[in-house]
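Visitor: Dropping a structure here in structure tokens format, bear with me for questions.
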Amino acid sequence: MKKTAMTKRMKLPVDIQAFETIRENNYLYVDKTRWVQNMTEDGRYYFLSRPRRFGKSLLVSVLKCLFQGRKELFDGLDIAEHGAWKWQEHPVILIDFNSVSHDTPENFRTGLKIHLKSVGRHYGVSPEASLLKEYFSELILMLHEKTKMPVVILIDEYDKPITDHLGKGDDAMRIAEENRDILKSFLGVLKGGEVAPFIRFVFITGVSKFSQVSIFSELNNLIDLTMSDTYADLLGYTQEELDTQFEEYMAQFADKLGISETAIREKLKRWYDGYRFSDKDIRVYNPFSVLRALSNAKFRNYWFETGTPTFLINLLRERAYPLPNIESLQVSERIFSAYDLERLGAEALLFQTGYVTIKDVKDRTYILDYPNQEVKTSFMEHLLHSFSEGKNNEENSKFLLLSEYLDTEDFEAFFETITAIFASISYTLSTQRDESHFFMLFYLMVCASGADARSEVLISRGRIDLVVELSDKIFVMEFKCNQSAEDGIRQIVNKGYAEKYRSSDKKLFLMGINFSSEKKNIAEWKIEVMK
């Protein structure tokens, strides 16, 4: 099928919707069914972890329709055109934990059983067991007995009953722990010798990948696709998919903004690309953000509008985590599965929730970084408000103009704005912070304004405190405390911090900034243009 024919006759969905909704309403669907067929042929029990809004629920919907034998929905797709699918109808148990009550362990058990009863009613069977685990087992056996077909179990967002309670105090943590234990026992049914012979396929999704001991010790035959090279682009859009499937929409976007299609592609890449989920260097775009940007013809932080990482931000604050270090985290493979309620690691949380991704792999070391501008800018903004006592007042909102001030070389306005924000932080809070805290806030402000800022850039003769790069300008910054701005400029020059940027055709600025611990604010700044 030619790409122009596909985009002209298909509407662009405004969200990642159910598969049947997309196909029945003639929305554009990026065909991932080749991977789906491979999965169903290669194994029976699967687990996949991906960040929120990445298409996990859509994939579950595809699997449901596939195992229901709804061939008409797959016309023109790879699995129908080139596969050898038998289109047999299987009984399907689909559990979306977003729709199951889990505010207390008692309600979680009750909500699960109510959901299973509705599945039974749909197929005309009524298990009699009173306990949840036995009821689930009986339902599987009765569905197989009635249909004479093996049963398919699809579980979406399995970790919701746990993660919704994190960061809300000790009582909420106890609910999370009890819900975890209920879930561990519930999932263990799927491996039991009584029901396993009658199961055709199991697929479990979530944002978090809890350790094998925490959740899946009783279901230890899962094939984990989370870091699989083969399925690295199972969810999300590759560059090729974006270029071929969305060509018409990018052209319309370019016309509306009055810029070239090349510029639109570059901005889409900078804002929404960059996610990598395996050792193999395959990058994918956030599908939710791409669909919203093309539908609205606007570049915005769509992913963050659907949820604020309050728990993660609180954890970083409590542990006084060095935020600039997030740009270049170096971790071992262990962190990709090191997620336990009793030992929550910041790096594991950042990766599994999608705030950082794999940028490079060297030997057995993984280098993590923000995937794109959308994530970094939005995350920095939330962190900035949190670290400045959560104030979202007029002063603190002025940080949005900082990137513009640098771009227009209005340095007086740039430093007046930063000084005003520092001054708005309460005296009590300020007395508890040292110069490193003020550097961190400065860094957060600049990043949250949308500028491409990198801290502690390593060069042969040392580390540059901060480098800010715009479309036609580069700022090399050095921070001092109770010294002078001139000392900062002198260090940049003497250590050759700016030399690596001389070959760029961008205008190069040297910036020295001195903080006063007495004033708890910027005392002096100086800028020189490098010739």
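The values are calculated or read from the model by the stated rules, or taken from the named source; none is laboratory data. The structure displayed is predicted, hence computed values, not measured ones. A quick note on method: Cβ atoms are made from the backbone with ideal geometry, for glycine too, and the neighbour counts reach across all protein chains shown. Side chains included, ligands, DNA and RNA excluded: accessible areas come from the protein's heavy atoms. Shrake-Rupley method; radii C 1.70, N 1.55, O 1.52, S 1.80 Å.
Visitor: Which numbered condition trips up ALA320, out of (1) modelled with pLDDT of 95 or more; (2) aliphatic (A, V, I, L, M); (3) in a loop (DSSP other than H, G, I, E, B)?
Guide: Failed condition: (1).
Visitor: Do we have ILE335 as open to solvent by less than 10 Å² (accessible area, probe 1.4 Å) and free of Cβ contacts under 8 Å to residues at least 60 places away in the same chain here?
Guide: So ILE335 fails the test.
Visitor: Looking at region 354-378, I want the residues that are hydrophobic (A, V, I, L, M, F, W, C) and have a partner that is open to solvent by 40 Å² or more (accessible area, probe 1.4 Å) with Cβ atoms under 6 Å, at least 6 apart or on another chain. Which pairs are those?
Guide: Close Cβ pairs satisfying both conditions: VAL361/ASP279; ILE367/GLN330; ILE367/LYS359; ILE367/ASP360.
Visitor: Scanning region 351-372 for residues that are under 24 Å from GLY450 (Cβ atoms) and either assigned to a loop (DSSP other than H, G, I, E, B) or out of contact with any Asp or Glu (no Cβ under 9 Å at 6 or more places or on another chain) (or both), which turns out most open to solvent (accessible area, probe 1.4 Å)?
Guide: THR353
Visitor: Okay, moving on. Could we say that VAL60 is closer than 21 Å to VAL189 by Cβ and either buried (at least 20 other Cβ atoms within 10 Å of the Cβ) or at pLDDT below 95 (or both) here?
Guide: In short, yes.
Visitor: While we're here: Going by the structure shown, is ILE175 within 17 Å of ILE95 (Cα to Cα), at pLDDT 95 or above and of a type in the set (A, V, I, L, M, F, W, C)?
Guide: It is false that ILE175 is within 17 Å of ILE95 (Cα to Cα), at pLDDT 95 or above and of a type in the set (A, V, I, L, M, F, W, C).
Visitor: Restricting attention to region 138-167, which residues are surrounded by fewer than 19 Cβ atoms within 10 Å (Cβ to Cβ) and either more than 30 Å from ARG52 (Cβ to Cβ) or more than 19 Å from the chain's Cα centre (by Cα) (or both)?
Guide: LEU141, GLU145, LYS146, THR147, LYS148, MET149, PRO150
Visitor: For region 313-332, what are the residues that are open to solvent by less than 10 Å² (accessible area, probe 1.4 Å) and either within 16 Å of PHE210 (Cβ to Cβ) or of a type in the set (Asp, Glu) (or both)?
Guide: Answer for region 313-332, where residues must be open to solvent by less than 10 Å² (accessible area, probe 1.4 Å) and either within 16 Å of PHE210 (Cβ to Cβ) or of a type in the set (Asp, Glu) (or both): just GLU327.
A quick yes/no check of all residues on (1) open to solvent by 20 Å² or more (accessible area, probe 1.4 Å); (2) free of Cβ contacts under 8 Å to residues at least 40 places away in the same chain; (3) in contact with a His (Cβ under 8 Å, 6 or more places away or on another chain):
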{"position": "GLU456", "(1), (2), (3)": "yes, no, no"}
{"position": "ARG463", "(1), (2), (3)": "yes, yes, no"}
{"position": "SER484", "(1), (2), (3)": "yes, no, no"}
{"position": "GLY488", "(1), (2), (3)": "no, yes, no"}
{"position": "ALA498", "(1), (2), (3)": "no, yes, no"}
{"position": "GLY512", "(1), (2), (3)": "no, yes, no"}
{"position": "PHE515", "(1), (2), (3)": "no, no, no"}
{"position": "LYS519", "(1), (2), (3)": "yes, yes, no"}
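Visitor: Also, I was wondering about something else. Residue check: is GLY83 surrounded by fewer than 16 Cβ atoms within 10 Å (Cβ to Cβ) and more than 29 Å from ILE162 (Cβ to Cβ)?
Guide: Criteria not met by GLY83.
Visitor: Just to be sure I understand, how many residues within region 285-303 are of a type in the set (Phe, Trp, Tyr) and either part of a loop (DSSP other than H, G, I, E, B) or open to solvent by 10 Å² or more (accessible area, probe 1.4 Å) (or both)?
Guide: Residues in region 285-303 being of a type in the set (Phe, Trp, Tyr) and either part of a loop (DSSP other than H, G, I, E, B) or open to solvent by 10 Å² or more (accessible area, probe 1.4 Å) (or both): 1 in total.
Visitor: Across region 465-478, which residue is nearest to LYS267 (Cα to Cα) among those that are surrounded by fewer than 20 Cβ atoms within 10 Å (Cβ to Cβ) and of a type outside the set (A, V, I, L, M, F, W, C)?
Guide: Top of the filtered list is SER471.
Visitor: What is the one condition in (1) more than 16 Å from GLN352 (Cα to Cα); (2) of a type in the set (A, V, I, L, M); (3) not in a loop (DSSP other than H, G, I, E, B) that ILE204 does not satisfy?
Guide: So the condition that ILE204 fails would be (1).
Visitor: If you check SER185, SER118, SER126, which single one turns out to be surrounded by fewer than 16 Cβ atoms within 10 Å (Cβ to Cβ), hydroxyl-bearing (Ser, Thr, Tyr) and at pLDDT below 95?
Guide: Just a single option satisfies the conditions, and that option is SER185.
Visitor: Taking region 229-279, which residues are part of a helix (DSSP H, G or I), open to solvent by 20 Å² or more (accessible area, probe 1.4 Å), touching a strand residue (DSSP E or B) at 6+ places or on another chain (Cβ under 9 Å) and within 25 Å of VAL60 (Cβ to Cβ)?
Guide: Selection gives GLU241, GLN245.
Visitor: Which one is nearest to PHE203 (Cα to Cα), of the residues in region 15-30 that are acidic (Asp, Glu) and open to solvent by less than 50 Å² (accessible area, probe 1.4 Å)?
Guide: GLU20
Visitor: Can you name the residue in region 34-80 that is assigned to a helix (DSSP H, G or I) and among the basic types (Lys, Arg) and, of all such residues, is farthest from TYR275 (Cα to Cα)?
Guide: LYS71
Visitor: Scan region 87-111 for residues that are open to solvent by 50 Å² or more (accessible area, probe 1.4 Å) and among the acidic types (Asp, Glu) and jot them down.
Guide: The answer is GLU89, ASP103, GLU106.
Visitor: Also, I was wondering about something else. If SER57 satisfies all but one of (1) touching a residue at least 40 places away in the same chain (Cβ under 8 Å); (2) over 25 Å from TYR285 (Cα atoms), what's the number of the condition it fails?
Guide: (2)
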